[in-house]
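Heads up, the thing below is written out as structure tokens.
The values are calculated or read from the model by the stated rules, or taken from the named source; none is laboratory data. It should be emphasised that the depicted structure is a prediction, and the values quoted were computed from it without experimental measurement. Cβ placement follows ideal geometry from the backbone for every residue including glycine, while neighbour counts extend to all protein chains displayed.
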Amino acid sequence: MLVNMNDVLIPAKKNHYAVGLFNAVNLELARGIISAAESTRSPVIMGTAEVLLPYGPLEEVSYYLIPMAKKASVPVVVHLDHGLSYDTCVKALKLGFSSVMYDCSTDSYEENVRKVKEMADLAHSYGATIEGELGHVGDNEGSAEGSSHLDDPSNFFTDPALAKDFVDKTGVDALAIAVGNAHGAYKLPPKLDFERIRTIAKTVDVPLVLHGGSGLTDNDFRQAIKDGISKVNIFTDINVAAVEAEFKKFSSMDKGLIDLIPAAVEAVKQESEKKMKLFSSNGKADLSSGASLSADIEAITKLVTQEVLKYLNK
Ligand SMILES: [Zn+2]
């Protein structure tokens, strides 16, 4: 079922697990991600990012993401990651995305607040949720998600007191923080500032988001989630897993492209399942409020049907 970020992240924050965001730039990625979520009974967030639009235009991506989310047996958020312009975020909302990130983290603090607050009001009027970013998560060299390489990332770490002010003033539903994480594949093992995650989690009410998850160790994830992260963004790991599987299949290919499709879907599924288990979102599909609402509707429908049948049988 299609839900928004609050439906999956508020229960995650309360019960100390995290929900993964996996970018689904094409159909193989989307199929792998959804089937991993269904097989592990995990809520999931999938979508695309503004810098990934050259690989799959927003409108075309929406044609499969939204129906697939609605049809899924687990809660699925369809999210625009790193919307960089007002117009792209509005377009995503109009197409039916249930969540957007408006990334104004390279603007001044005042501009970030002003722009994100305006978008938050708009997103909420659509029944959608919004994520903002404070501090700045940079990119490892060669990242598919961007090219803002930072020489000293610690200059851009999120300030906990400012984070509270930002959330209060903008009304964002989730906050991406910079704590030593970066997009793309890490050249050197990253060192996360766990103390900072704990402090921000104590200061801010909304769920916290860790970008640049590909390449962190399993222990990094466990610790970050324990310290207060409720959403983790993953792209590089599934992006690479799909191609490695296709490469292996390539030598025994006899029908062409259609040989590679199932290999890619299966690899994305396996890699996503691994992450869902690591984040402990497996088995949590029914905790999401969207899920309980639809369960309630089902239960009410059943009761009403029984009552009507009783009446008709009299
Ligand atoms: Zn990011």
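Go through the range 99-117 and give me each residue that's out of contact with any helix residue (DSSP H, G or I) (no Cβ under 8 Å at 6 or more places or on another chain) and away from the ligand (no atom under 16 Å from the Cβ). If the condition is that a residue be out of contact with any helix residue (DSSP H, G or I) (no Cβ under 8 Å at 6 or more places or on another chain) and away from the ligand (no atom under 16 Å from the Cβ), then 108, 110, 111, 114 are the ones that fit.
Can you find a residue in the range 43-51 that is modelled with pLDDT of 95 or more, out of contact with any Ser or Thr (no Cβ under 9 Å at 6 or more places or on another chain) and more than 16 Å from the ligand (Cβ to nearest atom)? So far as the range 43-51 goes, no, none of its residues is modelled with pLDDT of 95 or more, out of contact with any Ser or Thr (no Cβ under 9 Å at 6 or more places or on another chain) and more than 16 Å from the ligand (Cβ to nearest atom). Checked against (1) assigned to a helix (DSSP H, G or I); (2) under 21 Å from residue 124 (Cα atoms), residue 60 passes all but condition (2). Exactly one residue out of 271, 246, 298 is at pLDDT below 85 and not aliphatic (A, V, I, L, M), and it is 298. Scanning the range 42-57 for residues that are more than 16 Å from the chain's Cα centre (by Cα) and assigned to a helix (DSSP H, G or I) yields 53, 54, 55.
When residue 41 is tested against (1) of a type outside the set (Asp, Glu); (2) surrounded by fewer than 24 Cβ atoms within 10 Å (Cβ to Cβ); (3) under 25 Å from residue 134 (Cβ atoms), just one condition goes unmet, and that condition is (3). Within the range 82-98, the set of residues being more than 14 Å from the ligand (Cβ to nearest atom) and surrounded by 15 or more Cβ atoms within 10 Å (Cβ to Cβ) comprises 88, 89, 90, 91, 92, 93, 95, 96, 97, 98.
So for the range 137-159 (the condition being away from the ligand (no atom under 16 Å from the Cβ) and crowded, with 22+ Cβ neighbours inside 10 Å), does at least one residue qualify? No, the range 137-159 contains no residue that is away from the ligand (no atom under 16 Å from the Cβ) and crowded, with 22+ Cβ neighbours inside 10 Å.
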